[in-house]
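Only the coordinates and a few stated rules stand behind these numbers; no lab work does. Since we're looking at a predicted model, the values are computed, not measured. Backbone-built Cβ (ideal geometry, glycine too); neighbour counts: all protein chains shown.
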Amino acid sequence: MQSIVEFKEEKPRFFSDFGGLRIKESGLRLGDKITIKPFNGARQEVLLSRLSYRFKRGSEYAFFGEDCEIQIPIISKVFTEYKLILCSKDPEISVDENARYLLRATGLNPFKLNGNYTFEAFLEYGDKVELEYTRLEINQPTPTEHSAELPLDKNLIQSNLSVLIVGETGTGKSRLANNIHENSLRQGPFVQINISSYSESLLESELFGHVKGAFTGAVTSKKGAFAEAHRGTLFIDEIDSLPMGIQTKLLLFLDNKKIRPVGGLSDQQLDVRLIFSSGKDLKELVRQDKMRRDFYYRLTTGGRIHLKPLRLDTKKITLLLKHFEKEKGVHIVPGLKKFYRKYQWPGNIRQLLGHLEQKHILSGGDKISYSSVDEELSQNLLEEQVLSNIDDIKSLEQMKKLYVNRIYERIGRNIKKTSKVLGVSPNTVRSLVKEVKTELL
């Protein structure tokens, strides 16, 4: 039987060895996307967010993100594999902003680059690569792909510092957390846990795991979310719901990167990057003694970002509408776009995208115009913001006060922003809010 032979990798290559200036300008880099066209399957897009990727033999296309392995159809009977490796310009630095991807054949078969066979090459925009019968296309990225909804400094994104994301429900906190992970250099998985989904008795086990026999019903040991996210990112959603007792245990991890499973006798050292989210005012929770002061300070020592609600960000509404049109291949009539930009979207991005999806299905075509579904938006908003306590409303004047006060509270008690949203003067808002507070005393 013929033995399998694999080429041993030589010393790392740096694109300064290959005419560095050209590769710097047009080379494939971290955060780019490649299009993969298997001969027996649909085209796929892969976002490059890891230090290396391995193309290995398989019967059909499959992408194993956690292991950074891409399975492609390979017909050859000899050992055939390829690696896509991120290489720096400077041999002394493993990853920097100038790092570019090198494709290397690590088996016996070369690959074809723009019609010519080679065993190793830095990939550039516009290149066509053939790995046997699978094609890779290296497309020029659009301007938004490198700036994609990451309102944080690149150095912070690629660091191990924790990040706190604050915003109302539906503003895209989960999406942003996953985006940060994908653009970091973390090799492990992205794990998400919603604090409010668990009772206090179960939450500690869900986060930190437990050993067999730790409590009644613990018939086997369990890995918690922290252990699952080892070498990756753990996104803890609704951190404002975390009980005081568990805050102490999480605070210890933030200090020493160690956890102890429920019922365990020893600590586990883990490499986990934490991203938190909250829809509440954490300072107010501290004042109400629902959050430890030292825990609050620890949460805010890394990156912090506030996602604005859609009613205060009409530019984002416009971008979301454009993206939906492009993704679905539809046209939203200008008048409807104008209506959507004026609507307040109390459910934010989640509500807007859900509404658009409903409209798309019901339209039955590629043109989306105003319909009865949109009429329901105004009715729902009226019922939610004005008529929820109709039995207590005595007059139109009182309804106006309550409405203004509710918008004022939702915006974060900001007089100036409230006046802008409602189209009235700051003095009017201040006066109406003051009257409501006086009536409640």
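Net charge of the neighbourhood of V163, taken over other residues with C-beta under 10 Å away and scored Lys/Arg +1, Asp/Glu -1, is +2. Enclosing the Cα atoms of segment 310-385 in their convex hull gives a volume equal to 79 cubic angstrom per residue. The Rg/Rh ratio of segment 154-307, with both radii computed over alpha carbons and Rh defined as the Kirkwood radius, is 0.95. The residues packed around K37, meaning those with a beta-carbon under 14 Å from its beta-carbon, carry a net charge of -1 if Lys and Arg are +1 and Asp and Glu are -1. For segment 149-203, the Kirkwood radius over C-alpha pairs fed into Stokes-Einstein at 20 °C and 1.002 mPa s yields D = 167 µm² per second.
The ranking of V373, V191, V219 from fewest to most other beta carbons within 10 Å of each one's beta carbon is V219, V373, V191.
Taking packing as the residue-averaged number of other Cβ atoms within 10 angstrom, the listed peptides 258-271, 101-114, 224-237, 400-413 run from highest to lowest as 224-237, 101-114, 400-413, 258-271.
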